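The values are calculated or read from the model by the stated rules, or taken from the named source; none is laboratory data. Predicted model only: the values in this text are computed from it and were never measured. For neighbour counting, all protein chains shown are included, and Cβ atoms are generated from backbone atoms with ideal geometry for every residue, glycine included. For accessibility, only protein heavy atoms count, side chains too; no ligands or nucleic acids. Shrake-Rupley method; radii C 1.70, N 1.55, O 1.52, S 1.80 Å.
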Amino acid sequence: MTISKIPASGFSDAVNFRNIVINGDMRIAQRGTSASSVTSTSYNTCDRWNNFISSLGTWTVTQSTVVPTGQGFSNSLKMDCTTADGSPASNDVNILIQRFEGQNVQHLKKGTSSAESLTLSFWVRSAKTGTYTCEIYDADNVRYIGKTYTINVADTWEKKILTFDGDTTGTLDNDNANSLNVHFWLGAGSDFTGGTFNNGTWGAGGNNTRVSSSNVNLADSTSNDWYVTGIQLELGTTASEFEFLPVDVNLQRCMRYYNEINETNNSTTFIAGALDGNNGTGIAPYQFPVSMRAAPTVTYTGSFNCYVASSGTNKTDLGIQAGTRGLRTLASSVTGSTGQAVHMDFASGAKIHLSAEL
Amino acid sequence: MNKENITSVEKLYYKTNFYAYRVLTGEQIHTVPLDEANTDYQEIQQWIADGGTVIDNSPE
């Protein structure tokens, strides 16, 4: 082995799945590439990223192709202010959040004397220069640590690296529920900025210590936008190179929390099953491509045609029983005999959305 | 789903088995399974605790 094969960054870059963040490069956007008129808390465009918004501006959220040059990224997440709010009420917020399952962050050893430091790195650009706050939030124990970063030059990509001390207080539950979050604060009212900022120190002293009083209000002008990509949260006090995962791996990780059936509006998509009872219920099972975090909430758009032999009945009121590994659709009052094969055809544009987000 | 956005909640049955909630939020209908780890299920429990009434057309 020649010494030249050791990367300049050492061996830390060789640790697989070192990035706690999922879809940090914003490649996966199962819900679509653009969402407009966003004014409240919701998942939009890039998978796993939650817009936590309360009465602070109106936004178009986009999976953008504007990326830092020469870094290997294809996409970023863009927040574009379309209706301004220059005077946030005290409890107004705008945060970009990713939440992590407790069982995926046990290696942080949080709440022990061996608690690990965390380093957050990301690329960011904005038309609005100034101070922004990033925060690691412990949802199990309601503890948090914040640090600020500065956007120095408008409309220019900048790489930011923030290191957070380990927390020797408050262990994280070892389960599939929300335990730890990363927060990018894009604006906040005085309920969050009014105290003495808990800068770089874990605490639980009250919401008003969580955000720097210097934090920008990204909602104060419709000229404002904010892009981010290459988000990586990893153990230790140094930032390694961004860990690019194959798209299929990235997609499967996202599908644990959200996926769609008939996502490409393929008119040949159908789910097959059998009729339970004479003129009874058409039951058709479907196995998810990835086991989901929890049994998902099912939302469907469009309608479905339930066929027995060549006779179809249009259904807009499907019952759906869902577990973590699959579901079955229940179409009531279908003409036919018990045991006859049925198949559920997706009408044009019909989709089933499965959400087990944190 | 936020409890503030919930318009109505109805129990869903297959035969006599209660298997999910049907939830109306705005113009969207969601089927929420009976899984305590589902965050929408948690919101429904909060909505009920706040005084929301669940429609129950039990087949029995």
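Summary of computed values
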| item | result |
| --- | --- |
| Per residue Cα convex hull volume in Å³ - calculated over region A:1-144 | 176 Å³ |
| Exposure rank, largest accessible area first [A:124, A:249; 1.4 Å] | A:249, A:124 |
| Heavy-atom accessible area ranking, 1.4 Å probe, most first, across A:79, A:255, B:1 | B:1, A:255, A:79 |
| Heavy atoms of residue A:244: accessible area, 1.4 Å probe, square angstrom to 10 | 90 Å² |
| Exposure ranking of A:183, A:353 by accessible area [1.4 Å probe, largest first] | A:353, A:183 |
| Residues of type lysines that residue A:315 reaches as a straight line, Cα spacing below 18 Å, ignoring anything fewer than 8 places off in the same chain | A:351 |
| Paired Rg and Dmax values of region A:56-121, which use every Cα atom, in angstrom | 17.7, 47 |
| Spin-label proximity, residue A:237 to region A:159-179 - amide N less than 19 Å from point 7 Å beyond Cα toward beta carbon | A:161-169 |
| Radius 11 Å from Cβ of residue A:172, net charge of other residues (Lys, Arg +1; Asp, Glu -1) | -3 |
| Listing of region A:30-50 residues, each with accessible area lower by at least 50 Å² in the full protein assembly than in the chain alone (probe 1.4 Å) | none |
| Partner chain coverage, peptide A:291-297 - average Cβ within 10 angstrom | 6 |
| Highest-MSF residue in chain A out of A:179, A:291, A:337 [GNM, Cα springs under 10 Å] | A:337 |
| Two-decimal log10 I(q)/I(0) for region A:311-358, as the Debye equation yields it once each C-alpha is a single scatterer, q = 0.15 Å⁻¹ | -0.51 |
| Pairs from A:159/B:3; A:128/B:3; A:78/A:160 whose Cα-Cα separation, in the structure shown, is over 27 Å | A:159/B:3; A:128/B:3 |
| Share of alpha-carbon pairs per 5 Å distance bin for region A:233-358, given as whole % | 2, 11, 18, 18, 16, 12, 7, 5, 3, 3, 2, 2, 1, 0 |
| For the protein assembly as shown, Kirkwood radius (reciprocal of mean inverse C-alpha pair distance, Å) | 23.2 Å |
| Trypsin sites (Lys or Arg not before Pro) lying in DSSP loop within region B:1-56, provided at most 16 other Cβ fall within 10 Å | B:15 |
| Counting all C-alpha pairs of chain B, share separated by more than 12 Å (%) | 64 percent |
| Long-range amide H partners of residue B:25 with built H, under 5 Å | B:7, B:30 |
